[in-house]
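Asks: Below are the structure tokens for one structure; questions will follow.
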Amino acid sequence: NQLLRCDASEFEGFANCDVLAIDNLDAIAGHPAWEACFYQVINRCRDGDYRFVFAMTHKPDDLVTSLDDFRSRLQWGLMLHLPISSDIEIREILRRRALLNGIDLSDEVISYLMTHHARNLSAQMEILRHLDGASLSQQRKVTIPLVKQALQEQNR
């Protein structure tokens, strides 16, 4: 997790942002310095009427934390469960995201991506970002040959 590579004290000032968004926050569970830091950040956000949005893989009740108060703060506010997207949904999300970027992904390209690469949404979106850049820089339409070339270059 990228967050754990930083020093927890670097985040103390972020409580004064209008909106603070953190992905994969449950990765800090079991790291006392990080739990204490975000316990304080959540308190300051709430006291200052700032917004704090976070995503986690696990429910707060399922986390093993060093600081029980940290786990309790994770239960404040609205919690939404977002189910894992099916292959059909991932295909449609890819198609729509590509169209927003001005890319017309063919069914063949989407099938190739789903067959030859990780079938989770975050991995597919990362691949799409890379393909968007490759398509723009090479002034080429996204085709299977471009996909193969761009991803091969990325993996070097």
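Asks: Scan (1) assigned to a helix (DSSP H, G or I); (2) surrounded by 18 or more Cβ atoms within 10 Å (Cβ to Cβ) for the single condition Phe52 breaks and write down its number.
Replies: Tallying (1) assigned to a helix (DSSP H, G or I); (2) surrounded by 18 or more Cβ atoms within 10 Å (Cβ to Cβ), Phe52 fails exactly one: (1).
Asks: May I ask you to say which residue of Leu82, Leu25 is in contact (Cβ under 8 Å) with a residue 40 or more places away in the chain, out of contact with any Asp or Glu (no Cβ under 8 Å at 6 or more places or on another chain) and under 25 Å from Ser122 (Cα atoms)?
Replies: Sole residue among the options that is in contact (Cβ under 8 Å) with a residue 40 or more places away in the chain, out of contact with any Asp or Glu (no Cβ under 8 Å at 6 or more places or on another chain) and under 25 Å from Ser122 (Cα atoms): Leu25.
For every residue, the table says whether it meets (1) under 19 Å from Ala21 (Cα atoms); (2) within 21 Å of the chain's Cα centre (by Cα).
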residue: Pro32; (1), (2): no, no
residue: Glu35; (1), (2): yes, yes
residue: Asn43; (1), (2): yes, no
residue: Asp47; (1), (2): yes, no
residue: Ala55; (1), (2): yes, yes
residue: Pro60; (1), (2): yes, yes
residue: Leu63; (1), (2): no, yes
residue: Asp68; (1), (2): no, no
residue: Ser72; (1), (2): yes, no
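Asks: Within segment 17-26, can one find any residue that is at pLDDT below 80, among the aliphatic types (A, V, I, L, M) and in contact with a Cys (Cβ under 7 Å, 6 or more places away or on another chain)?
Replies: So far as segment 17-26 goes, no, none of its residues is at pLDDT below 80, among the aliphatic types (A, V, I, L, M) and in contact with a Cys (Cβ under 7 Å, 6 or more places away or on another chain).
Asks: State whether the residues of segment 116-123 include one that is over 23 Å from Asp23 (Cα atoms), free of Cβ contacts under 8 Å to residues at least 40 places away in the same chain and not in a loop (DSSP other than H, G, I, E, B).
Replies: yes
Asks: Looking at (1) of a type outside the set (Lys, Arg); (2) in a helix (DSSP H, G or I); (3) farther than 22 Å from Asp26 by Cα, which is the only condition Leu105 fails?
Replies: (2)
Asks: Quick test of your reading of the structure: Phe70 fulfils all but one of (1) in a helix (DSSP H, G or I); (2) within 17 Å of Glu10 (Cβ to Cβ); (3) in contact with a helix residue (DSSP H, G or I) (Cβ under 6 Å, 6 or more places away or on another chain). Name the failing condition by number.
Replies: (2)
Asks: Here are some conditions: (1) surrounded by fewer than 11 Cβ atoms within 10 Å (Cβ to Cβ); (2) in a loop (DSSP other than H, G, I, E, B). Glu10 meets all but one. Which one does it not meet?
Replies: With (1) surrounded by fewer than 11 Cβ atoms within 10 Å (Cβ to Cβ); (2) in a loop (DSSP other than H, G, I, E, B) applied to Glu10, the lone miss is (2).
Asks: Continuing with this model, one more query. Return the residues of segment 124-142 that are of a type in the set (S, T, N, Q) and either surrounded by fewer than 13 Cβ atoms within 10 Å (Cβ to Cβ) or outside any helix (DSSP H, G or I) (or both); say none if nothing qualifies.
Replies: Ser137, Gln138, Gln139
Asks: Name the pairs: first residue in segment 36-52 and in contact (Cβ under 8 Å) with a residue 40 or more places away in the chain, second residue outside any strand (DSSP E or B), Cβ to Cβ under 6 Å, at least 6 apart or on different chains?
Replies: Going by the 6 Å Cβ cut-off, there are no qualifying pairs.
Asks: Then there's this: Taking only pairs six or more apart or across chains, which ones have beta-carbon atoms under 6 Å, a first residue in segment 132-156 that is farther than 15 Å from Val109 by Cβ, and a second residue that is surrounded by 10 or more Cβ atoms within 10 Å (Cβ to Cβ)?
Replies: The qualifying pairs are Gln154/His130.
Asks: Between a first residue in segment 63-76 that is without any contact (Cβ under 8 Å) to a residue 60 or more places away in the chain and β-branched (Val, Ile, Thr) and a second residue that is part of a loop (DSSP other than H, G, I, E, B) and surrounded by 19 or more Cβ atoms within 10 Å (Cβ to Cβ), which pairs have beta carbons less than 7 Å apart while being 6 or more apart in sequence or on different chains?
Replies: Val64/Ala29; Thr65/Ala29
Asks: Looking at segment 82-94, is at least one residue within 30 Å of Asn43 (Cβ to Cβ) and either surrounded by 15 or more Cβ atoms within 10 Å (Cβ to Cβ) or not assigned by TED's automatic domain parsing to the domain that holds Ala150 (or both)?
Replies: yes
The values are calculated or read from the model by the stated rules, or taken from the named source; none is laboratory data. This structure is a prediction, so every number in the text was calculated from the model and none was measured. Here Cβ is always computed from backbone atoms with ideal geometry, including for glycine, and neighbour counts include all displayed protein chains.
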